[in-house]
């Protein structure tokens, strides 16, 4: 009975998906193949980019120019994947407010109630050793917003009807419960990544592309071993998919 109540919702059944990423390119790195598959199956996919990406360079650059470049690159990457719309919150890079902080959470509740997704996708804030505050602060704010968006008394100042998403899908997770085979869309995923030329046309970017490929191969191996992927699947992305029921006073959620 308990295991059925806590069964993760089926990610690939989602028809409306809101992808909340800390920086331009985070969703392509974490879930570009899955996003391409969802869009190809007819799902409406919308991006929310929390920061302006103005710190995303190793060499000296003008932050405002870099932010504009990364915005253009994100638009191109979304075109490749089939993403229909992008919302920009434009928090300064590296300065996403902590955790479920009122400012970011309020923005996200408004967006969830506006777009009314059945799935919200973001990065896992509980990934061990994640050192970037934009990542864990965004993930925590998304988790809180998924809870609050369905509560009629919460954030009434937004003037929108409550909407509770069916699921939240955490990418870049150390505890996946859902694997998605992405062999058939890997080339498209790669083109979307390469649209971020400021990030992936550099020596560091080339190393990162290689790492992402190796990680996809390892995730496929683990998914096959867990009986979650068919034999022959060579590339995969993985997620911790949870319902709002998992996200409040539920000490068993980590096992789901």
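Here 211, 160, 229 are placed in order of increasing Cβ neighbour count within 10 Å, fewest first, which gives 211, 160, 229.
Each of 68, 237 was scored by other Cβ atoms within 10 Å of its Cβ. Listed from fewest to most, they are 68, 237. What translational D, rounded to a whole number of µm²/s, comes out for region 184-256 from Stokes-Einstein when the hydrodynamic radius is the Kirkwood one over Cα pairs, at 37 °C and 0.692 mPa s? It diffuses with D of about 225 µm²/s by this estimate.
Taking a temperature of 20 °C and a viscosity of 1.002 mPa s, what whole-number D in µm²/s does Stokes-Einstein yield for region 107-170 with Rh from Kirkwood over alpha carbon pairs?
So the translational diffusion coefficient is about 178 µm²/s.
Decide, for region 40-117, between rounded, prolate and oblate: order the square roots of the alpha carbon gyration tensor eigenvalues as a ≥ b ≥ c, take rounded if a/c falls under 1.5, and otherwise choose prolate if a/b is larger than b/c, else oblate. The shape class here is oblate.
Put in order of Cβ neighbour count within 10 Å, fewest first, the listed residues 219, 38 become 219, 38.
Starting from the Kirkwood Rh over alpha-carbon pairs, what translational D in µm² s⁻¹ does region 110-217 have by Stokes-Einstein at 4 °C and 1.567 mPa s? Estimated diffusion coefficient is 80 µm²/s. For the chain, a Gaussian network of Cα nodes joined below 10 Å ranks 27, 12, 121 by mean-square fluctuation, and the top entry is 12. Given R0 = 30 Å, the distance between the Cβ atoms of residue 207 and residue 230 translates into a calculated FRET efficiency of 0.45.
Please label the shape of the chain as rounded, prolate or oblate, based on the square roots a ≥ b ≥ c of the eigenvalues of the alpha-carbon gyration tensor (a/c under 1.5 means rounded; beyond that, a/b larger than b/c means prolate, else oblate). Taking the square roots of the gyration eigenvalues as a ≥ b ≥ c, the chain is oblate. Of the beta bridges in region 14-244, as assigned by DSSP with both residues counted there, near 30 percent are antiparallel.
Highest mean first, the peptides 163-170, 130-137, 85-92, 190-197 sorted by other C-beta atoms within 10 Å per residue fall in the order 163-170, 190-197, 130-137, 85-92. The slack in the chain from residue 157 to residue 62, taken as 0.36 nm per residue of separation less the alpha-carbon distance, amounts to 30.5 nm.
All of the numbers you see were taken from the coordinates with simple rules; none came from a lab. This one's a predicted model, so the numbers in the text were calculated from it and none came from an experiment. All Cβ positions, glycine included, derive from the backbone under ideal geometry; neighbour counts span all protein chains shown.
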